[in-house]
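Just below is one structure, and these are the notes that go with it.
Laboratory data are not the source of any read-out in this text; all were calculated from the coordinates shown. What you see is a predicted model; the values in this text were computed from it and never measured. Counting neighbours? That spans all protein chains shown, and the Cβs are built from the backbone with ideal geometry, glycine included.
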Amino acid sequence: MSGGPPAPAILERARDLVDPVIAAALGGLCDELRVPAQYHFQGRGKGTRPALAILSAEAVGAPPQTGVPGAAAIELIHDFSLIHDDIIDNDAERRHRATVWAKFGVGVGVVVGDALHALAFEALISDPTPPRVKAAKHLAKAVSEMIAGQSMDMAFEDRPSVTLEDCLAMEQGKTGALLSYAASVGAILAGADDEVIHGLAEYGAHMGVAFQAVDDLLGIWGDPERTGKPKGADLRERKKSVPVVIALNSGTSVADDLAELYARPQLEAGDVDAARALVDVGGGREGTQALARTHYGLAMSALDSISDNESVVAEVVGEMRSLAEFIVGRDF
């Protein structure tokens, strides 16, 4: 157990610090962009990434405000990616609300996403101190890795076979890169030494894989009331997520049956139910749960590696453990 405060309290504290900064950034957009951008942020998620950014500043003894520019930047980048992902995946609903493209049009969704991307870097380099410039360079690298991961995810749709290693490489880019950045940007802004920054980045990278593994499970077995998307949405879109890839590579008749379903132009409701059962029998659910636990353990080991550093605040490391437990412990 972490011994830290409950995760909801950590998330709320971060939102109180970061939301005014994001609201001010959105308020500076022209009307055509501000209205859909504000609409999107009204349906935001829990705010895990900005919370990690705040905690990473506090973890090296800096005040929470030190991490706010990085927290705002990572949240803006995350939401830019969500708006564009919804267009790519043709998702008309997110968190029980119409997505930006579904409400305002595809063109508006593309441009609003672009605007959030620009605002993220402005949040960092509006005051170009050396730590902020360093943070911006790290963000550019993380965004490039995220985009490469998204590109791999799209390419998987047309590939006849995808290995688990391929899938993990994709998820390390698509999700792990941003969580790695979120977990270390506060320390970067605080001018921490590279050893501590690296340890925090490793923690975030492994949490990214664990987070995505749980998200993949929710995409197949999650309750729509909790996920905000139709049940089995990932199967309907024939996504090669980790549970599906594990089942497809199981070397059993289940793999052949699932491959036959995924070869169809589209899956009807009955096909989705059949695919869900095949993924389960093929070991996809159990294997993905084990993967999430493994990377959670690696994330905890990364925190252990920096705990003896005299600059690291043990109480804040406890909060990072608490947040990690919350992320991996989501119901599925």
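Peptides 231-241, 14-24 ordered by packing proxy, namely the average of other Cβ atoms within 10 Å per residue, highest first: 231-241, 14-24. For Arg94, nonlocal amide neighbours, meaning residues 5 or more places apart or on other chains whose placed amide H falls under 5 Å from its own, are Thr99.
Over all directions, the projected convex hull of the C-alpha atoms in the chain averages 15.8 nm² in area. Helices meeting the span-like rule in the chain (full DSSP H runs, Cα extent of at least 18 Å along the helix axis, mean Kyte-Doolittle score of 1.6 or higher): 106-125.
Select from Tyr296, Tyr39, Tyr203 the residue whose mean-square fluctuation is largest in a Gaussian network model of the chain (Cα-Cα springs shorter than 10 Å). Judging by the Gaussian network model, the answer is Tyr39. For region 28-181, the share of alpha carbon pairs falling in successive 10 Å distance bins from zero is 11, 36, 35, 16, 2, 0 percent.
Both the radius of gyration and Dmax for region 7-112 are 14.5, 45 Å, in that order, over alpha-carbon atoms.
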